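Step one of this worksheet: look at the structure below.
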Amino acid sequence: MSRLRILSTLAVMGAMRDLAALYGKDAGQAIEADFSPTVALLDRLRRGEAADIAILTAQGIDDLIREGLIRPGTRTDVALSHVGVAVKTGAPKPDIGSVTAFRAALLGARAVAYSRIGASGIYFATLIRELGIEDAVNARAVVVPSGFTAERLVSGEADLAVQQISELMVVPGIEVVGPLPPEIQTVATFSAGLLAGSAQPDEAAALLRFLASPQAAPVLRRSGLEPAGPSLSG
């Protein structure tokens, strides 16, 4: 049996590694997964990179359906993700339970790490502007071009990291403080789709069904995500 290739956003990397191993063992299917931020994956796919399945933001999947790169009717919502805050293991955890407390925590931090092109980083950049603290935070921020912001906690470059909770949890040596306050939280839906150029559409479709199945739900939750449930769009 040929190997299925997945191009997946970083936000679901922890879960997808475990799900691919679980499905591969049960179904006898070899799976290769490559992880990057959604924006970078969109560029790679539009330049013609070959794969069987893409896992991106729901908006990214819908865009590729309209562009003819993903087969209509195959969008499968996989996971819901919340943005959160982390500190290095053993460091004091600030109060982020209200918008006022969260704002104060950002202003009191030595440096805040957030991503430049990830969905959470783009949202955070807008959020600090709306909170009126953009200049103060960015004067001491560590803006990560791509990858995991919590790595900057371990290296000592920052004392707060903001990203999808599932991405924070991938990094050892950190502790998640919690999600953003409900009033300013954003919930991202991450979806999968079958690439139009896949040479193994039946095998890929079977994997899509698994990703939205009850069997996948516990793995998603352990990784800081919530199951999105099956949803098709075309």
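The values are calculated or read from the model by the stated rules, or taken from the named source; none is laboratory data. What you are looking at is a predicted structure, and each value in this text was computed from that prediction instead of being measured. Virtual Cβ from ideal backbone geometry, glycine too; neighbours counted across all protein chains shown. Note: areas computed on protein heavy atoms with side chains; ligands, DNA, RNA excluded. Shrake-Rupley method; radii C 1.70, N 1.55, O 1.52, S 1.80 Å.
Here are the numbers:
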{"quantity": "All positions within region 211-230 that are assigned to a helix (DSSP H, G or I) and open to solvent by 20 Å² or more (accessible area, probe 1.4 Å)", "calculated": "P214, Q215, P218, R221, R222"}
{"quantity": "Among (1) more than 30 Å from L131 (Cβ to Cβ); (2) over 16 Å from the mean Cα position of the chain (by Cα), the one test that A192 misses", "calculated": "(2)"}
{"quantity": "Close pairs (8 angstrom Cβ cut-off, 6 or more residues apart or separate chains): more than 15 Å from G224 (Cβ to Cβ) in region 1-17, of a type in the set (K, R) and part of a helix (DSSP H, G or I) anywhere", "calculated": "L7/R44"}
{"quantity": "Some residue of region 132-142 being within 28 Å of A58 (Cβ to Cβ), among the acidic types (D, E) and surrounded by fewer than 16 Cβ atoms within 10 Å (Cβ to Cβ)", "calculated": "yes"}
{"quantity": "Odd one out for P145 among (1) in contact with a strand residue (DSSP E or B) (Cβ under 7 Å, 6 or more places away or on another chain); (2) within 25 Å of D34 (Cα to Cα)", "calculated": "(1)"}
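Every residue, every condition in (1) touching a helix residue (DSSP H, G or I) at 6+ places or on another chain (Cβ under 6 Å); (2) open to solvent by less than 50 Å² (accessible area, probe 1.4 Å); (3) touching a residue at least 40 places away in the same chain (Cβ under 8 Å), yes or no:
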position: D52; (1), (2), (3): yes, yes, yes
position: S81; (1), (2), (3): yes, yes, yes
position: K93; (1), (2), (3): no, no, yes
position: L106; (1), (2), (3): yes, yes, yes
position: Y114; (1), (2), (3): yes, yes, yes
position: S120; (1), (2), (3): no, yes, yes
position: R129; (1), (2), (3): no, no, no
position: G147; (1), (2), (3): no, yes, yes
position: A158; (1), (2), (3): yes, yes, yes
